[in-house]
Structure formats: structure tokens, C-alpha cells
Amino acid sequence: MTQSRHMGADNSEKQNKITRREPLITKDDISGYLFVLVAVLFFLVFTIYPLVSAVITSLQLYKPFGSDFVGAKNYINTFQNALFWKSLRNTLVYTAIVVPISILFSFVIALMIMPFNRKLQSVFKAAYYLPAVASGIALSVVWLWIYDSSPSGLFNQLLTALHLPVQNWLGSSKTALLSLMLMAILSGQGQNIIIYTAALLGIDNTYFEASQLDGATFLQNVRYIVFPLVRPTTLFLLVTGIIGSFQVFMNAYMMTGGGPNNNTTMIGLLIFNNAFKYNKYGLACAQAIILTIIIAFISFLQFKLAGSEVEY
Amino acid sequence: MKRRLSVALIGFVTVSMLAGCGQSASNGTSASSENSEPVTSAASTAEVAAGSSASSGATDTITVMVPPVTNDYADKMTEWADEFHTKYPNLTLEVINTSWDDHNTKLSTMAQAGEAPDIAELSYSNIGTYVSNGTAVDITKYMDADMLKDYDQNALDYMTLDGATYGLPLYITIQALGGNKDMLEAAGVDVAKVQADGWTYDQFLSAIKAGTKGDTFGFVFANSGVTASDFINIFGATAGITNAFDSNLKYTYSGKKMLTLLQAIENMTKSGYMPNYGVEASQRMVMCETGNAMIFGKAMPLFENSIKKNNAAIDASDGSAVEDSKKITYAFLPVPTMDGVSESCFGTVDGMVAFKNNNSTDEHLKNVMTALYFLSSGERAAYVDAATCLNGVCQTSRDAISQFESTDRDQGNKDCADRLISEVSAPPTGMTADQSAAAAQMMDEVIVPQMQALLAGETTAQDMYDAIVSAAKDAFGEDGCVLD
């Protein structure tokens, strides 16, 4: 009797649960899934599929009409290739110099244009952003003229006016990589400046009013107020800057072709040459996967080391 | 209602996106960038008459990708496509025009995707790469033997790897030196004798020494970037290196002749008779036209046309002449020879190569051969040969060339070019696709970068030679290299 009463209670509870249970997928859910469907499909088709395809190709001797599986041979060849290590070193040096200087440079420029009124700020932002609007090819042609090794080159004319010897800017191992770095630093800051300006505009004025009462100097304001509050922006620029710098390709391709003596051959250029010059897609994919792992590891380290101190 | 509209819009966007990915392979070659839009012959395939002279009479479209081989090559190709369609009504030629800058990259990308054009213009040195990846087609399997008999064997050998022929030669270019005839004579050079009999390296050094005065260099060679390879290829003949492989199929750039050549280059760069900075390809002839250089390289016979055009522009004073240029007389010159070396000339063959793609069937490839021969022979080849001041490489071109040839060519230049063409030696027979591809990579990854350092004075001839030998041993094995 007791048991049957218990059973009766259980059944009614179950019944209640059944009647109260919400459907697994509601109409609202369907709408949501449909809205993200396009983005997910784009992600699958243009990110995941190429990535998986690249991994598979990296294990093959690629041929358009039937590839041969070669296992890890492309990876082994990459690690045994002196040019790969040289291009990795060139890319690291390029990144280590260009990214911090670029961030510092754009931070200083953003600080300098902040005191101006909105209109003047826009003029400066537009001026610094202009190279980003110009085609990279057009930009390279201009820089090729600036770096022209003959006495008629712009920089060489400047050196001649200063009674200094002309330089073989892009043809000498001593100056070629530096020339590419200078080009990147001087012509690629527009976006960083705009992002820093937006971050600076987001700082509440009350901080500066309080520091003014305390008698803080401009540099103290920068050190103790501005710098900590734009740290998330700095981290963002650092991560995206390093990723972009590791993938640098066009400067070397257009300006030096990787020379002289492969001193400006970056990993991006090496991958391009293997894929499109020597038709070694498998090797190029293996190198691209290695580059992806390096970039992912460095980005992870940055978030781990610098990200913990960042407050959003 | 709003929700239905949202769903409909999402569905539309999704379908549109996927539709973009669903282009059939057959349309692949038609999707081209601005400068590579296909130009189809005027008559559509729908108007094709029955009973054509092509292989089976079924309609077929053949894609051809070409850079501007001559200034008006794109226009000419359109004309020839129409002509071809008239002759073979069931066949249509679809032309993809490219620029010299992007031609090889575009071809490589299309070939790797299995969407190569059926025919593409290609230098013989690049064929090995496409043979290795299985996209180049051995034309002897599909082409009538009579068509192949039209061509000089020497020129056909360039298109042949490991016994298989992958295309038809269009022309043999000869690359040597050019100069300002008046300045050369003022420097004591007997131009006519040099053109007729050649000259020694010592005579050449004396000439460039005498020609170096003030702002004028005795000798300028385009050496900036990848053009550094031209220096090796063209001046290789000076030291007796005519090809990357000898008749025993051993890699020659690792031999002592290479060291002799590198030492000569080192000597010339240090002498001050050449600029000590990188010279862009476009600057070399300009320097000669402005009086800043006496001899320049690389030079080809067709430069006579460019210089005459500039002379005419100076006379016309219409502003189209090279800035600060002077009227000059062009002299085409052989490269000098070192002791114990007989004169030869660096030559390269460009031709029309047949490719396999996703659409290829035996029937289609037979039609491709018809188009390949049509474009590489007769009046089409003669037109190119005349425009480039070169001799034909097939009999039907030589028969037709008189109607295109310019009558005002300098006889000394013409005779010199004719003489040097006969001195070009074809690559050795039996060379494999892998050897060809490895030699091309050696040039790009080792020789050119080292050469740039040598020209910049940052390495020595001996160090560069050692680096080449080391890399050659890795690439071809000790048995595969000349190590004398």
C-alpha cells in the first residue's frame, strides 16, 4: 500500500517533470543557429577546410593529378634546410625590431596629436593612415626609388649632400634588412595610431584632474595613468603586430626578392617560393604549418605573460 | 513575418556563398583577373559548321595563356584565334593575356589546381618543374610526326627532357652585349671585326678601361635582384660554361671554369669600370642612351629597334624620348672569350608548351596539338621572329618571314646575330625533369644570392665558389657534379 502510494507520487512527479520540460530546441534557438550559420559556414569553408587541407598536403608529395603520401618527409626536409633556419632568423630579427619600435612610435604619435582639437586630430590620423590606403605595390615602387642605389636615389642624394658615400641600400647585406625595417616602421603605423587614439580618448579626464592637483608632470601622467590604462590596447597591438610581422611577405618580395645572400628572405617568402616557384606544395604546406605553430606558441606566451596583468 | 524574412535572407546568403564555391572545373580558366580576361574568337561555337578538319569534328575550346611576347602580341593572338576558328570551325581558341611579371606565377597556380591552360608560353628552363608535377604533356604521343619535322632539332632539344618533348619552340633568343658604336670606336674597338670574329677577355678589359671617363662607365650589367643570374648565364660563355649540365649530365657550375668566371667578375667590379651599386634591368640601356655607359648587358638584337625608336623620338622632340638621351648607333656584340675557350653564346628557347588539366581527354589533347602547331609555326612564328630580330626555328617560319622582316636592320648587327645563333648549344640530351628543377632551384637559392653578395663586395669569388660546390654536392651528389 505504502509502496503503491509512493509509486503514485513518483508517477505524478514524473508527469509534472514531463509537462514542465522545455523542448531541446526552441524556435528562438533555430533563429539563433540560422543567424550564426553564415559565419560558421564561412569559418568552416575558409579557415578550417584550408587548415585541414594544408595539414594533409604537408604529408604529401603534392601533384595535381594524384599526390604521393610521404609521411613527415616534408617536415624533416624543412628542419634540415639551412635556408629555412636563415629565414626564421631573419623573420625573428625583423619582428623583434619592427614590432616594439612600431608600437612605441605609434603610441608617441597618438600622444602628440591628442592635445589638438578633433579636426586637427583627424587631419593627422588621415595623414598617418594614408600609406595603408595606398596599394602595397605602389608603396614599394616609391620606396624602391627612395632606396635606389645609384647616385640619383633619394637617400643617396641626401648622403651626397652631406658629403657621405652613397649606399647600396637594398643590395648590401649590411643595409638591406634595415632598409626593409625602416620602410615598415615609417609606412605602417596608421592603424596603430588610430587604435591608440581611440584608447586614449577612452581614459576618463578625472584621472588627469586628480593628478594635476597632485602636481604630476606630463611624463608621470604617461607613466602612471596612460600607460596602465592602454595596456589592453598595447597587448592587442603586440599580438596582432607579431602575427603580422611573422607573416611579412610583400616587402621582401617586392623590394629585394630575398637578397642579397638571402639576408632578407622571410619565412613568408620562402613558403611562397616553394609553393609557386618550385611547385613544392607539400613542403610549402609543412613550412606554413610550422609557422602557424610558432605564431600560436608566441601568442600563447604573450597572453600568459602579459595578459595576466591586463585589466579589461 | 519578420522571422520568415530573416530566414529567407539567411538562406539566400548561404546559397549564394556556396554557389561561389560550386564553379565547375571547366569554367576555371575563364575566371580571370583584369589583365587576363579571355578573348574568345568572334564566331561562337554554336555557329560551328559540321565537317571540320579537326580530329573528330566535335566542338572543343582550347585555352592559351601568353605574355606579351611582342608589343602587340595580345592583338595578334585575337586575330590568330579568329583565323584558327575559320580554319577549324569546330575549335575555338580562348586566349588569356598575362603580363611578364605574373605569367609564371599564374601558370604555376593554375597548374597546381589542375586547371592549367591547354597551351602556355614558357621558357625551356621552367619545363622541368611541370614535368615533375605531371602537368606537362609529351606532345609526341598526340602530334603528327610531320608537324615535328618542321622544327630544327637543335631548338626541339630545348623542349625535350628525358626523351619526351613537351612543347614547340617559338624562338631562340641570344643574349650577349650591346654598345654605343661611336663610343666603342673612340675607345679603339674595331666594332666590325669584333662582330665578325669575336674578341678576347683582355681586349674587352682594355676597351672598358678606355671607355671609363668621368660619369661614363665602360661597362654596365643589370645585376640587381634576380637579374644577377643573367650575369652567370651570359658571361658563363666567356669561361666556356654553356649549360648547367655537360654531356655526361654532370652539373657544370661546380667546376673550375666557374671559379675563373667568378674571379673575372670580382675583378671587373673592383676595377671601377663598372658601377659599384646594383643596376636595375630597366636602367642598363638607359645608361647607354644617356651616354653613361659604353657597353651594356644583357643585350639582344631587337634592342636595335628600341634605340632607333628613341633616336626618332629625339628628332621629333615630342617628349617621348628617354630623358637626357642622345642619338646613338647600336652595336650588338658577342661576349669575350678567355684563354683556351672557343666562342659560344648563351641562348634560351621560349616556346608553346602543352599542359594537362581536369578537362584533358585524348580527343581534346589532339585538338590542343592542332592549336599548338598553328600558333608556333608559319606566319605566326615568322611574325614573332621578325619582331624580335631572330631567325626562325622552323621551316614554315623561315618561308614566311620575308613578309614581316624590317629592311633597315644594321647589316653588322644582323650578321653578328646570325653567327651567334649558330653558336648556341642546346642542353644535353637525357637531362631529367628533377635535374632541371634542381638546377633552377640552385640558381635561385644559392648562386643568385651569393652573386648579389659578390657584386656588393661582401664575399669573394673563392668563397662563393666553395658555397656553390657544397650546395651542388648536396643537390646532385659528388658523382653528379663536375669537380675538377
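The values are calculated or read from the model by the stated rules, or taken from the named source; none is laboratory data. For clarity, every value in this text was computed on a predicted model and none was experimentally measured. Here the Cβ is made from the backbone with ideal geometry for all residues, glycine too, and neighbour counts use every protein chain on show.
The figures follow:
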{"item": "Residue, surrounded by the most Cβ atoms within 10 Å (Cβ to Cβ), within region B:93-111, restricted to residues that are within 10 Å of chain A (Cβ to nearest Cβ) and touching a residue at least 24 places away in the same chain (Cβ under 8 Å)", "result": "B:107"}
{"item": "For residue B:274: the one exception among (1) at pLDDT 90 or above; (2) part of a loop (DSSP other than H, G, I, E, B); (3) within 14 Å of chain A (Cβ to nearest Cβ)", "result": "(1)"}
{"item": "Candidate set from region A:61-78 (those that are within 24 Å of residue B:116 (Cβ to Cβ), away from chain B (no Cβ under 12 Å) and not aliphatic (A, V, I, L, M)); member that is surrounded by the fewest Cβ atoms within 10 Å (Cβ to Cβ)", "result": "A:69"}
{"item": "Hits in region A:224-262 (condition: surrounded by fewer than 18 Cβ atoms within 10 Å (Cβ to Cβ), among the aromatic types (Phe, Trp, Tyr) and within 17 Å of the chain's Cα centre (by Cα))", "result": "A:236, A:249"}
{"item": "Count of residues meeting criterion [more than 8 Å from chain A (Cβ to nearest Cβ), polar (S, T, N, Q) and within 23 Å of residue B:265 (Cβ to Cβ)] in region B:426-468", "result": "2"}
{"item": "Filter pass, residue B:71 being modelled with pLDDT under 95 and in a helix (DSSP H, G or I)", "result": "no"}
{"item": "Matching helices (runs of 4 or more DSSP H) fully within region B:138-213 where at least 1 residues are of a type outside the set (Lys, Arg) and touching a Phe, Trp or Tyr at 6+ places or on another chain (Cβ under 8 Å)", "result": "B:145-149, B:153-158, B:191-197, B:201-211"}
{"item": "Exclusive hit being within 14 Å of another protein chain (Cβ to nearest Cβ), assigned to a loop (DSSP other than H, G, I, E, B) and over 27 Å from residue B:348 (Cα atoms), set B:114, B:57", "result": "B:114"}
{"item": "Residue that is nearest to the other protein chains (Cβ to nearest Cβ), among those in region B:277-301 that are touching a Gly at 6+ places or on another chain (Cβ under 9 Å) and charged (D, E, K, R)", "result": "B:280"}
{"item": "Checklist (1) in the same structural domain as residue B:300 (by TED's automatic domain parsing); (2) touching a Ser or Thr at 6+ places or on another chain (Cβ under 7 Å) applied to residue B:161, failing item", "result": "(1)"}
{"item": "Pair list, Cβ < 6 Å and 6+ apart or interchain, from region A:145-171 residues that are more than 9 Å from chain B (Cβ to nearest Cβ) and exposed (fewer than 15 other Cβ atoms within 10 Å of the Cβ) to residues that are in a helix (DSSP H, G or I) and not aromatic (Phe, Trp, Tyr)", "result": "A:154/A:146"}
{"item": "Residue identified as in contact (Cβ under 8 Å) with a residue 40 or more places away in the chain and within 11 Å of chain B (Cβ to nearest Cβ) among A:265, A:234", "result": "A:265"}
{"item": "Residue that is modelled with the highest pLDDT [pool: residues in region B:214-227 that are within 10 Å of chain A (Cβ to nearest Cβ) and part of a loop (DSSP other than H, G, I, E, B)]", "result": "B:215"}
{"item": "Every residue from region A:171-197 that is out of contact with any helix residue (DSSP H, G or I) (no Cβ under 8 Å at 6 or more places or on another chain), of a type in the set (Gly, Ala, Ser) and not in a loop (DSSP other than H, G, I, E, B)", "result": "A:176"}
{"item": "Checking residue B:269 against (1) within 14 Å of another protein chain (Cβ to nearest Cβ); (2) assigned to a strand (DSSP E or B), the condition it does not meet", "result": "(2)"}
{"item": "From A:254, A:250, A:181, residue being under 30 Å from residue A:303 (Cα atoms), aliphatic (A, V, I, L, M) and in contact with a Ser or Thr (Cβ under 8 Å, 6 or more places away or on another chain)", "result": "A:250"}
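Table: residues versus (1) of a type in the set (D, E, K, R); (2) within 30 Å of residue B:475 (Cα to Cα); (3) assigned to a helix (DSSP H, G or I).
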position: A:41; (1), (2), (3): no, no, yes
position: A:46; (1), (2), (3): no, no, yes
position: A:64; (1), (2), (3): no, yes, no
position: A:74; (1), (2), (3): no, yes, yes
position: A:77; (1), (2), (3): no, yes, yes
